[in-house]
Amino acid sequence: MTEVAVVAFAQAPNVRRTHGTTNGVEMLVPIFDEVYTRTGLSKTDIGFWCSGSSDYLAGRAFSFISAVDAIGAFPPIHESHVEMDAAWALYEAWLKIRTGEVDTALVYGFGKSSAGELRRVLSLQLDPYTVAPLWPDSVSIAALQARLGLESGRWTEQDLAEVAARSRRDAADNPRAQFSGETDVATLLGSAPTTEPTADPTADLVADPLRRHDIAPVTDGAAVIVLASAERARDLADRPAVISGIDHRIDTPSLGARDLTTSPSTRLAGEAVGTDGVEVAELHAPFTHQELIVRDELGLGDDVRINPSGGALTGNPMFSAGLARIGEAAQRILDGDATRTLGHATSGPALQQNLVTVLERG
């Protein structure tokens, strides 16, 4: 079957709030233009379009159809959509090229999280009979997961703060990141030596034991990736990032039926694609402890650089953050900084569903 490569990636700035519409058009048009310019392609050169977004988040039906305004109404296009992170739209587009149906595809995702109550909206993905009626928000569910890990000794608050500090330091070099912020672990934990009265270290708790730095910020944003068959890719990029493996798995939606401190779906997906020799890994971890889980399940050692972009903790645009992780991993190859990278995306509560992609220099 035809090999598939990433030939271009672009991402809108990650911001707290945008003034545009919830269909993402204002965010998408500039980054579409960016990948067109980078590859020399035009709209008519794209064989397949696939997007990821959420009508629940947008607050209206068929918002993804409105987003097609960013593409243009004519000539007609071959288009599809997934109601989840656009990383899964990339999987659909990858299949289209693999089967030889098309030789180019453009994948995009967008979300305006500031438009409503994000934590409440995400409760709608829970079991509609036994869990959703209780309206547990996404941060509280993640806090249950973090607490289980702390009490079982799998990680400490120091470990979580170190993840946050490293992510913020790396974000300082990424113009697309939402913010960097405090990077001192002791200060994040509220224990920095000072001549001033020390603030209550529990004052920054959002959902015990998660502090503000443990949680990805509410973010508006969008991302786009251009895929091409390996043969076509050589004409579009100097160093195309070939997708050597991609797999996604899912765990039970019943929170009480699985060990929340592990992620079997991540492990199985990682085993399917093979993670040996990975130099850089972009992990979609909206909470500090989730990075530790994913890293452990994928068997990534200390020699692997994790989230050099800053990761989701410094900008987590809903329904495009996972696609952006794959894009950031591919960009390392496109720029010539690495030869084998990994991109990870997650969806659902407490790392319920996970997708892992390994890319290599073509």
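Within the range 28-55, residues that are in contact (Cβ under 8 Å) with a residue 40 or more places away in the chain and in a helix (DSSP H, G or I) reach partners that are buried (at least 16 other Cβ atoms within 10 Å of the Cβ) and among the polar types (S, T, N, Q) with beta carbons closer than 7 Å, at six or more positions or on different chains, in the pairs Ile31/Gln11; Asp45/Thr104. The set of residues from the range 233-267 being buried (at least 22 other Cβ atoms within 10 Å of the Cβ), assigned to a helix (DSSP H, G or I) and in contact with an Asp or Glu (Cβ under 8 Å, 6 or more places away or on another chain) comprises Ser265, Thr266. Number of residues in the range 241-273 that are small (Gly, Ala, Ser) and either over 22 Å from Glu92 (Cβ atoms) or within 15 Å of the chain's Cα centre (by Cα) (or both): the value is 4. Of the residues making up the range 128-143, those that are surrounded by fewer than 18 Cβ atoms within 10 Å (Cβ to Cβ) and either of a type in the set (A, V, I, L, M, F, W, C) or closer than 25 Å to Pro308 by Cβ (or both) number 3.
Can you name every residue in the range 1-17 that is polar (S, T, N, Q), surrounded by 24 or more Cβ atoms within 10 Å (Cβ to Cβ) and assigned to a loop (DSSP other than H, G, I, E, B)?
Asn14
The C-beta contact set for the range 341-362 (first residue touching a residue at least 12 places away in the same chain (Cβ under 8 Å) and among the charged types (D, E, K, R), second residue assigned to a strand (DSSP E or B) and crowded, with 24+ Cβ neighbours inside 10 Å, distance under 9 angstrom, 6+ apart or interchain) comprises Glu360/Ala241; Glu360/Ile243; Glu360/Thr341; Arg361/Ala241. For the range 45-63, taking the residues that are of a type in the set (Ser, Thr, Tyr) and surrounded by 20 or more Cβ atoms within 10 Å (Cβ to Cβ), the one that is nearest to Ile77 (Cα to Cα) is identified as Ser51.
Would it be correct to say that Gly20 is surrounded by 24 or more Cβ atoms within 10 Å (Cβ to Cβ) and in contact with a helix residue (DSSP H, G or I) (Cβ under 6 Å, 6 or more places away or on another chain)? Judged against the criteria, Gly20 is not a match.
If the condition is being in contact (Cβ under 8 Å) with a residue 40 or more places away in the chain, touching a helix residue (DSSP H, G or I) at 6+ places or on another chain (Cβ under 6 Å) and not in a strand (DSSP E or B), then the range 91-119 contributes Val102, Asp103. For the range 268-292, the set of residues classified as more than 17 Å from Thr341 (Cβ to Cβ), crowded, with 19+ Cβ neighbours inside 10 Å and either without any contact (Cβ under 8 Å) to a residue 60 or more places away in the chain or of a type in the set (Ser, Thr, Tyr) (or both) consists of Thr288 only.
Looking only at the range 86-101, which residues are touching a Cys at 6+ places or on another chain (Cβ under 6 Å), hydrophobic (A, V, I, L, M, F, W, C) and more than 9 Å from Leu323 (Cα to Cα)?
If the condition is that a residue be touching a Cys at 6+ places or on another chain (Cβ under 6 Å), hydrophobic (A, V, I, L, M, F, W, C) and more than 9 Å from Leu323 (Cα to Cα), then Ala93 is the only one that fits.
Rule-based calculations on the coordinates, nothing more; no lab input. Treat the numbers as computed from the prediction; the structure is a model and nothing was measured. Cβ atoms come from the backbone with ideal geometry, glycine included; neighbour counts cover every protein chain shown.
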